[in-house]
Amino acid sequence: MQTDYLDRPTHHQLDREIVLEPEPPLSVSHFMHVIRSYSAVILLSLAGVFLAYLIIALAVYLLSPVEQITSQMFRLDFEDPAAMRADLAGKPVYMALSMNENGVVRMKPQNLLLNLPLASPA
């Protein structure tokens, strides 16, 4: 048994002749002929994908929530900083004013955790 790679016999040493035949060149006309023969299947597949997309898009549109909320952000500045809590005096309060489809209007501060920073009455 031979263990060295260089000592192994090659095809020349085995007295075999290897014949390499060239492959035929790729033909664009053959490719186009195949595409034309499958054109009906390709068009039906594309139509099926389009129809599936249309059905899914319509379902998403119809099943989406219909509630519309209109909101507007604005900034509230106190003229008298003494009317605010001492730790927030002079800082603006950003408010959100929103209305749903029933006409209910809500207003709440957006940059604060607990309501308006009003000072407690003395």
### Query
Can we say Ser45 is surrounded by fewer than 10 Cβ atoms within 10 Å (Cβ to Cβ) and either on the phi < 0 side of the Ramachandran plot or basic (Lys, Arg) (or both)?
no
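Name the one entry in Glu23, Glu67, Glu101 that is at pLDDT 75 or above, charged (D, E, K, R) and surrounded by fewer than 10 Cβ atoms within 10 Å (Cβ to Cβ).
One residue alone meets the criteria, Glu23.
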### Task
With the checklist (1) within 36 Å of the chain's Cα centre (by Cα); (2) modelled with pLDDT under 80 in hand, flag the one item Arg36 doesn't pass.
(2)
### Query
Hey, any hits in the range 64-73 for a residue that's out of contact with any Phe, Trp or Tyr (no Cβ under 7 Å at 6 or more places or on another chain) and part of a helix (DSSP H, G or I)?
no
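The values are calculated or read from the model by the stated rules, or taken from the named source; none is laboratory data. Given the structure is predicted, the values throughout are model-derived calculations rather than measurements. No Cβ is skipped: glycine too gets one built from the backbone with ideal geometry, and neighbour counts run over all protein chains shown.
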